[in-house]
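Below is one structure, written out as structure tokens, with a few remarks after it.
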Amino acid sequence: MRMSNSKRAGIIGTGSFLPEKVLTNFDLEKIVDTNDEWIRTRSGIEERRIADENTATSDLATKAAQAALENAGKAPEEIDLILVATVTPDMSFPSTACIVQKNIGAVHAAAVDIEAACTGFIYGIAMAESFVKTGLFKNILVIGAETLSKICDYTDRNTCVLFGDGAGAAVISEVDGDFGILSSYLGADGMGAHLLTLPAGGSRIPVSGKSIEERLHYIKMDGTEVYKFAIKIMGEAAEKALEKIGMTKVDIDFLIPHQANIRIIESATRRLKISPEKVYVNLNKYGNMSAASVAVALDEANRKNLLKEGDTIVLVGFGGGLTWGSIVMKWKNIGR
Ligand code: UT7
């Protein structure tokens, strides 16, 4: 149970940004041996956004961050920490968070990247909540941003049809009263690390002519194994975060799940016994944007006024690592 005299942290603003270019399933049919029917029925995806060759993850992250700051009514100078969750940083170093810090003029902010694959934004929210509660930082920008198109192998139909580009952001600060983040639950299982990887470009396999020839600079995934893990973990992670504060699945008013596959979302929806209209889905438009998926979904749900004051909102995700996590919060209306 949370201590009643402790500070409560909450989301006071959200933002998102998607590149303009749309790549439909029909476009993919012309690139790789696939078809719209397979992609739609197996994943629920119809189209995804693709960043152009001059756009990096920090560019999308910057725009999402600016939208979130505006929504929160905060100036960049008021931000004292920037956390960027991504598996597609602009480069290995410096961190994408430092580049965003410069772009938005958050001159008083510390900055660091988080790598927890698709669960990165949820990890970021949980970390931000702790920092605000301890008083170490006051106003934290958490960003989930990806340009997965840059690491997709468009000759590999098992992966390239699933992923898209985008960015979402949230500002976390101290909130009053009965609102804000009530609970978080994070987990990892490195035994499944090999199931979803970008093999080359790190210290294990530095980029070389050979690694490029073997296409090791692109995403590799054992889709079936990740699928089995996801089916098990999505509902479980949500239940664990609720359990920590004496709540159960019946208390959920709105669920914002990671957007990897509609069948995974439907399975979690059934397990948690929520009606589908209380579950946010946008993967038909954007595909799987890894760390950006929950962040963009949260911003869209906020701007569409789907999150009502006092509602119990649950964010839940899973991803490479393997990682998983869930956040439970009482929603406080914010500007739109
Ligand atoms: O954010 C976390 C990251 N990843 C995930 O969450 C992914 C989790 N996994 C999944 O969503 C699903 O496993 C996939 C959507 C990746 C695949 O769906 P599936 O129902 O598990 O299909 P499958 O891998 O068992 O493949 C079935 C068939 C295979 O053909 P054969 O061997 O039965 O002849 C594949 O070669 O579908 C074939 N296939 C395709 N066909 C057309 C695989 N990809 C495609 C494609 N278009 N794009």
Amide H partners (placed H, <5 Å) of L81, local residues excluded:
A110, N139, L141
If the only charges are +1 at each Lys and Arg Cβ and -1 at each Asp and Glu Cβ, what is the size of the charge dipole of the chain around the Cα centre, to the nearest 20 debye?
760 debye
What are the trypsin sites (Lys or Arg not before Pro) within the range 161-221 that DSSP puts in a loop, where the Cβ has at most 15 other Cβ atoms within 10 Å?
R204, R215
Relative contact order (percent) for the chain, with alpha-carbon contacts under 8 angstrom and 6 or more residues of separation?
26 percent
Between G202, Q101, A230, whose Cα lies farthest towards the positive end of the dipole of the chain when Lys and Arg beta carbons carry +1 and Asp and Glu beta carbons carry -1, centred on the Cα centre?
A230
Using Cα springs under 10 Å in a Gaussian network model of the chain, which residue among E20, E129, E70 shows the largest mean-square fluctuation?
E20
I want to verify a result. In a Gaussian network model of the chain, Cα cutoff 10 Å, which of these has the top mean-square fluctuation: E46, E214, E146?
E214
Residue by residue, what Karplus-based ³J(HN,Hα) values in Hz, rounded to whole numbers, does the range 124-133 have, using 6.51, -1.76 and 1.60 with θ = phi - 60° and x for Gly and Pro?
x, 5, 5, 5, 4, 4, 5, 4, 5, 5
Whole-Hz Karplus ³J(HN,Hα) for the range 160-170, in order, using 6.51 cos²θ - 1.76 cosθ + 1.60 and θ = phi - 60°, x for Gly and Pro?
5, 6, 8, 10, x, 10, x, 8, x, 8, 9
Helix 262-272: inclination vs the chain longest Cα principal axis, degrees, rounded to 10, gives 30 degrees
Relative contact order computed over the range 8-177 (Cα-Cα under 8 Å; 6+ residues apart), in percent
35 percent
Value of relative contact order over the range 250-326, rounded to a whole percent, pairs C-alpha under 8 Å and six or more apart
42 percent
Cα-centre dipole for the range 8-177 with unit charges at Cβ (Lys and Arg positive, Asp and Glu negative), debye to 20:
380 debye
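Just so you know, all these numbers are worked out from the coordinates, no wet-lab data involved. Please read these numbers as outputs of a predicted model, since none were measured by experiment. For neighbour counting, all protein chains shown are included, and Cβ atoms are generated from backbone atoms with ideal geometry for every residue, glycine included.
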